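Read through the structure below, which is laid out as structure tokens, and then see the notes.
The values are calculated or read from the model by the stated rules, or taken from the named source; none is laboratory data. Just so we're clear, the structure is a prediction, and the values are computed from it rather than from any experiment. Note that each Cβ is placed from the backbone with ideal geometry, even for glycine, and that neighbours are counted across all protein chains shown. We work out accessible area using only protein heavy atoms, side chains counted, and drop any ligands, DNA or RNA first. Shrake-Rupley method; radii C 1.70, N 1.55, O 1.52, S 1.80 Å.
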Number of protein chains: 2
Amino acid sequence: MKATVIVELKGSVLDPQGKAIQHSLASLGFPGVEDVRAGKLFRITLADSGQPRPEVERQVRQMCEKLLANTVIENFSYTLEE
Amino acid sequence: MKATVIVELKGSVLDPQGKAIQHSLASLGFPGVEDVRAGKLFRITLADSGQPRPEVERQVRQMCEKLLANTVIENFSYTLEE
């Protein structure tokens, strides 16, 4: 099973990386860029353990909470596919 | 219009960050993780320029090729939504 996890800064948190990219895009001749937010994406391949899907989802959520995301300043979302 | 761009290392390129995450997950008690690949995600807000969608797509592709992705070692994909 494959999990795709997206981790993004919360909307209220400043994103200097995104701002830098926005300014670089403007310098490169893309003036219509109003905002850029940078995030992270993880593709996780999980061994086929025969566990039911809700249990796998619980594990992926735990991975996010314990390691992949800093839940004070970041939100995460994930999708699972066979 | 909003563009979501995903930039990922090509499959043939080693991903030390992903490997480090995989090992950390194993240490944290998630033994069933077979592989982790780390990528980047950008949410780009574009001014409503009245341009046709193919033209906007062309611009987003150019942003990826010129700045967001290193096409020697990375692939990119994007989605557009109103």
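Provide, for q = 0.17, 0.18 Å⁻¹, the log10 of I(q)/I(0) from a solvent-free Debye sum over equal Cα point scatterers in the protein assembly as shown. Ignoring solvent entirely, the Cα scatterers give -1.05, -1.13. Peptide A:24-37 has a mean shielding of 5, counted as Cβ atoms of other protein chains within 10 Å of each residue's Cβ.
The C-alpha atoms of chain A define a longest principal axis, and helix A:53-63 lies at about 50 degrees to it.
Where chain A is carried onto chain B by rotation, the Cβ closest to that axis, with its residue and distance in Å, is A:Leu41, 2.
Can you give me the % of accessible surface on the protein assembly as shown that is carbon or sulfur? Probe 1.4 Å, all protein chains present, nothing else counted. List each step's numbers first, then the result.
Working: 4770 of 9140 Å².
Carbon and sulfur atoms account for 52 percent of the accessible area of the protein assembly as shown.
Taking the Cα centroid of the range A:22-82 and of the range B:38-62, what is the distance between the two, rounded to the nearest whole Å? The range A:22-82 and the range B:38-62 have Cα centres spaced 20 Å from each other. When A:Ser49 is represented by a point 7 angstrom out along its Cα-to-C-beta vector, the spacings to that point in the other copies are 4.8 nm, nearest first. Report, in degrees rounded to the nearest 10, the 0 to 90 angle that the Cα long axis of helix A:16-27 makes with the longest principal axis of chain A. The answer is roughly 50 degrees.
Interface burial in the range A:50-82, defined as at least 40 Å² less accessible area with all protein chains than with the chain alone at a 1.4 Å probe, covers A:Met63, A:Lys66, A:Leu67.
Protein heavy-atom accessible surface, 1.4 Å probe, per residue over the protein assembly as shown: 56 Å².
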